[in-house]
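Below is one structure, written out as structure tokens; the observations come after it.
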Amino acid sequence: MKIMRNIFTLIFVMLFSISSVFAYDLVLPREKDTIVNSDYIFFVGKAKKYEIITINDARIYIAPNGAFAHSVKLKIGENRILVKSDYNSKIYKFYRNRPIKNKDCELVELKPAIYKVLNDNTPLRSTPIDFGMNRIAHLFKDTNLLINGKKGDFYRVYLSKNKIGWISAESVYKTINKEISPQFTDMNTVNFKNGSVHTLKYTDKLPYVIEDDSNEIIFRVFNPFIKDEQVHSINIKKPDKYSYKTELNGGEYKFKVSKFDIYDKSDFENLTVYIDAGHGGAENGAIGCLGDKEKDINLKIAMCLKKILSDIGINTVMTRECDATVPLEDRVKSAQDNNAKIFVSIHLNSIPDIKMNIHKNRGTSVYYYNPNSKELAEDVLKEVTKTLNTRNDGLKTASFAVIRPTDYIGILVETAYMTNPLDSMIYKSKDFAQKTATGIANGILEFIGCEKCSK
Ligand SMILES: [Zn+2]
């Protein structure tokens, strides 16, 4: 009896160890049986040594560290996907709904009426959609607007006979005023060593836009409320490197342009770099094939970058130095309160944009939003791909909240793809954080014209 029990135990232990040797772990998909609204479903995970995995009969590439990723196109309705390894096979069921057609919203002409903006920092857009790079200004609370049309959830804002904008309907309210007549009272420019301040004064709050796409930054204030509407423009020749800030007090606009001086080492005490380790705390960010959390790797890179920059005398401010949840607006505010001149947000990427092939997108990309940040983005992309030896995934623009402010030069670095098996070999390597940080630091030094400052 005892022998029998021992044999059973032995068989059980053997079976258990075999199944754990040949068992893959999936990071994605998170659920086995679910409704999805996208064209593709991703299988991302880690295999055991020598494990062979097929997904719907396609043999899956497994990187030497076990990482794998695969995408399957879904048809409308039920999809059954068979994931098979040597000792394990499972059916995953996904139901794909018919895509919902975007309602084509008709433009409705409205009787012109006066509205006011509810909150500071309300985007005024060039098109009636809440997506992408279409912001033409961030309006202040109580700005008076003349609204004369509606499309979907957006109101059309009449600025002048040559210019309109769009604003989310829920960010404004209709006033009881039938008429207002704000008056222009004064305008002046003061130049100082590191920039200039331009003032435009009115008796009430009027809308403005900023154009920053040529050799000049153009700041325009519109008064559509008076007979023979008025537009005041200030054209400022762009400094080589610059940032800017708009303030509104009463009806007085102040538009401040700051030159970003080329620093030599003695100027470093005036240079604050804000280092933003992406995600943290309750927000993991992306999860890699091997189960790693993006937030942890971001923090390692950020800590290395802090050390490199501090060692050469540059001030740094960190979003977090531990695993903490920090809201996006707090990150921006902290950078602004600390007078940061450069903002670097550190991330790792996940699912590729080109969903056809999960292996296609890999490597490093750098994002910027405002034209003043493009040069830093280019320098950092060049240097990080050099130190990490990653594929250059390109310079990109996107409307990320942390890089939208204009009062610092802001970039967001996506160092590698966590869901790419080949990239996972790179981000799992021992000196990944140090090399990434070195690349970012070199890019910053190149941008400020001080490549030899680290020596
Ligand atoms: Zn991220």
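Please verify whether segment 353-361 includes one or more residues that are buried (at least 21 other Cβ atoms within 10 Å of the Cβ), of a type in the set (A, V, I, L, M, F, W, C) and modelled with pLDDT under 95. Yes, segment 353-361 contains a residue that is buried (at least 21 other Cβ atoms within 10 Å of the Cβ), of a type in the set (A, V, I, L, M, F, W, C) and modelled with pLDDT under 95.
Given the condition closer than 21 Å to Thr419 by Cβ and buried (at least 16 other Cβ atoms within 10 Å of the Cβ), answer yes or no: does some residue in segment 246-268 qualify? It would help to see each step written out before you state the result.
First pass over segment 246-268, keeping only residues closer than 21 Å to Thr419 by Cβ: none.
Checking segment 246-268: not a single residue is closer than 21 Å to Thr419 by Cβ and buried (at least 16 other Cβ atoms within 10 Å of the Cβ).
Within the set Tyr158, Tyr115, the sole residue that is outside the structural domain of Tyr208 (by TED's automatic domain parsing) and over 12 Å from Pro224 (Cα atoms) turns out to be Tyr115. Restricting attention to segment 374-428, the residues that are touching a helix residue (DSSP H, G or I) at 6+ places or on another chain (Cβ under 7 Å), among the small types (Gly, Ala, Ser) and closer than 19 Å to Val332 by Cα add up to 2.
Listed here are the residues, each with its yes/no results for (1) modelled with pLDDT of 95 or more; (2) of a type in the set (Asp, Glu); (3) over 27 Å from the mean Cα position of the chain (by Cα); (4) not assigned by TED's automatic domain parsing to the domain that holds Asp212.
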{"position": "Asp120", "(1), (2), (3), (4)": "yes, yes, no, yes"}
{"position": "Leu139", "(1), (2), (3), (4)": "yes, no, no, yes"}
{"position": "Leu145", "(1), (2), (3), (4)": "yes, no, yes, yes"}
{"position": "Lys150", "(1), (2), (3), (4)": "yes, no, yes, yes"}
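Among the candidates Asn315, Asn349, the residue that is of a type outside the set (A, V, I, L, M, F, W, C), crowded, with 17+ Cβ neighbours inside 10 Å and either away from the ligand (no atom under 16 Å from the Cβ) or at positive phi (or both) is uniquely Asn315. With the condition kept exactly as written, say whether any residue in segment 208-225 is in contact with a Gly (Cβ under 8 Å, 6 or more places away or on another chain) and either surrounded by 14 or more Cβ atoms within 10 Å (Cβ to Cβ) or in the same structural domain as Arg125 (by TED's automatic domain parsing) (or both). The answer is yes; a qualifying residue exists. Taken over segment 266-292, residues that are within 16 Å of the ligand (Cβ to nearest atom) and in a strand (DSSP E or B) amount to 6. Residue under question is Lys306, and the condition is that it be outside any loop (DSSP other than H, G, I, E, B), within 16 Å of the ligand (Cβ to nearest atom), surrounded by 13 or more Cβ atoms within 10 Å (Cβ to Cβ) and at pLDDT 95 or above; does it hold? In short, no. For segment 366-379, does any single residue satisfy the condition of being within 15 Å of the ligand (Cβ to nearest atom) and in contact (Cβ under 8 Å) with a residue 40 or more places away in the chain? Yes, segment 366-379 contains a residue that is within 15 Å of the ligand (Cβ to nearest atom) and in contact (Cβ under 8 Å) with a residue 40 or more places away in the chain. Of all residues in segment 399-431, those that are touching a strand residue (DSSP E or B) at 6+ places or on another chain (Cβ under 9 Å) and over 24 Å from Thr272 (Cα atoms) total 13. Taking segment 154-265 as the region of interest, the strands (runs of 3 or more DSSP E) fully inside it that hold 1 or more residues being among the small types (Gly, Ala, Ser) and under 30 Å from Asp311 (Cα atoms) are 195-202, 242-249, 252-259.
Please specify each residue of segment 29-61 satisfying the condition of being in a loop (DSSP other than H, G, I, E, B) and either under 22 Å from Lys75 (Cα atoms) or touching a helix residue (DSSP H, G or I) at 6+ places or on another chain (Cβ under 7 Å) (or both). Residues satisfying the conditions are Pro29, Arg30, Glu31, Lys32, Asn37, Ser38, Asp39, Lys48, Asn56, Asp57, Ile60, Tyr61.
Just checking, does segment 84-94 include any residue being without any contact (Cβ under 8 Å) to a residue 12 or more places away in the chain and surrounded by fewer than 17 Cβ atoms within 10 Å (Cβ to Cβ)? Yes, segment 84-94 has at least one match.
Return the residues of segment 281-294 that are crowded, with 22+ Cβ neighbours inside 10 Å and under 17 Å from Val326 (Cβ atoms); say none if nothing qualifies. The one that is crowded, with 22+ Cβ neighbours inside 10 Å and under 17 Å from Val326 (Cβ atoms): Glu294. Scanning segment 62-77 for residues that are assigned to a loop (DSSP other than H, G, I, E, B) and touching a residue at least 40 places away in the same chain (Cβ under 8 Å) yields Ile62, Ala63, Pro64, Asn65, Gly66. Within segment 78-118, can you find the residues that are in a loop (DSSP other than H, G, I, E, B) and out of contact with any Lys or Arg (no Cβ under 6 Å at 6 or more places or on another chain)? Scanning segment 78-118 gives Asp86, Tyr87, Asn97, Arg98, Pro99, Ile100, Lys101, Asn102, Lys103, Asp104, Glu106, Leu118.
The values are calculated or read from the model by the stated rules, or taken from the named source; none is laboratory data. It should be emphasised that the depicted structure is a prediction, and the values quoted were computed from it without experimental measurement. So basically every Cβ, Gly included, is an ideal-geometry build from the backbone, and we count neighbours across all protein chains shown.
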